[in-house]
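Reading through the structure tokens given below for one structure.
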Amino acid sequence: MARVSYAAAGLLCLALLAGSAAAEDAPVEAAAEPAARRYLLTNIPEANDDIDTVHIFPDYPEGGLPSGQSLKVLLGFRNNGESPVNVTNIAGSVNNPQQHSQYIVNFTVAEYKTVVGPGKEASFEYTFSLDPQLAGHEYAVAFTAFYQDDVEKEMYASTFFNSTVAVLDPVGVFDSQTAFMYLALLGAVVVLAHFGLVASGLHPAVKSALKKVFGGGAKKSKTEKGTGGDHDSNEWLEGTSWTTHGKVGKSRKNK
């Protein structure tokens, strides 16, 4: 009985070991990446030669895009082919300018599902924003339109913008920061100058000079009033026509 028990236990151990080895040898399937993400970022289809695209940044046509606010790019899409195409999505990204395959930021994918017939054209507005932490540097920015042939059901994509862009500081923030910096520097200079003058003993002399320059030490002139009578007050008029007229008037009164 003991031998049978030992044999059964040995067979059970062998079975467990075999099952464990089989489990370890079985291939582990990796988690599938979302189809939309894998398609948009790593498997962009080719462009259709019958499609022409133009673009414009209406608010900032001169180049350079501010961060920290909503921006928009307009896409002009023309179908020169014989089959209608369905514009499904527009996606954008910020990439490393030295290595374009390295994505830094992926913008939100916009969905349109707009059919553009043969010989027709349409315009699309795509909104996005740049993180203020990217300000002060240049990055490769790309926007791609995805569309499908409505007859053959084949997918295409046209990258209508792919260029290096300077990311600017948020509008209004740069000016206030600069003003604050200048005020801080001015305050530091004033404080250092004050302590320097006090330490060198020149503070009283400089203070006195500043009072003279800005009129702080000027005394108000006082007008002195004489204590004499009319005769004394008219002495400065002696020899003028006024005194002659006055004497004539007095002589006439005496007569």
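Check the range 59-81 and report whether any residue there is among the aromatic types (F, W, Y) and under 19 Å from the mean Cα position of the chain (by Cα).
Yes, the range 59-81 has at least one match.
Can you confirm whether L41 is modelled with pLDDT under 95 and of a type outside the set (G, A, S)?
Considered against the rule, which asks whether it is modelled with pLDDT under 95 and of a type outside the set (G, A, S), L41 comes out as yes.
Every residue in the range 57-114 that is within 30 Å of D169 (Cβ to Cβ) and charged (D, E, K, R), please.
D59, E62, K72
Could you please find all residues in the range 81-103 being under 21 Å from E121 (Cβ atoms) and out of contact with any strand residue (DSSP E or B) (no Cβ under 6 Å at 6 or more places or on another chain)?
Correct list: G81, E82.
Failed condition for G68, given (1) out of contact with any Pro (no Cβ under 9 Å at 6 or more places or on another chain); (2) surrounded by 14 or more Cβ atoms within 10 Å (Cβ to Cβ), with all others met?
G68 satisfies all of (1) out of contact with any Pro (no Cβ under 9 Å at 6 or more places or on another chain); (2) surrounded by 14 or more Cβ atoms within 10 Å (Cβ to Cβ) except (1).
The values are calculated or read from the model by the stated rules, or taken from the named source; none is laboratory data. Since we're looking at a predicted model, the values are computed, not measured. Note that we place each Cβ from the backbone using ideal geometry, even for glycine, and neighbour counts take in every protein chain shown.
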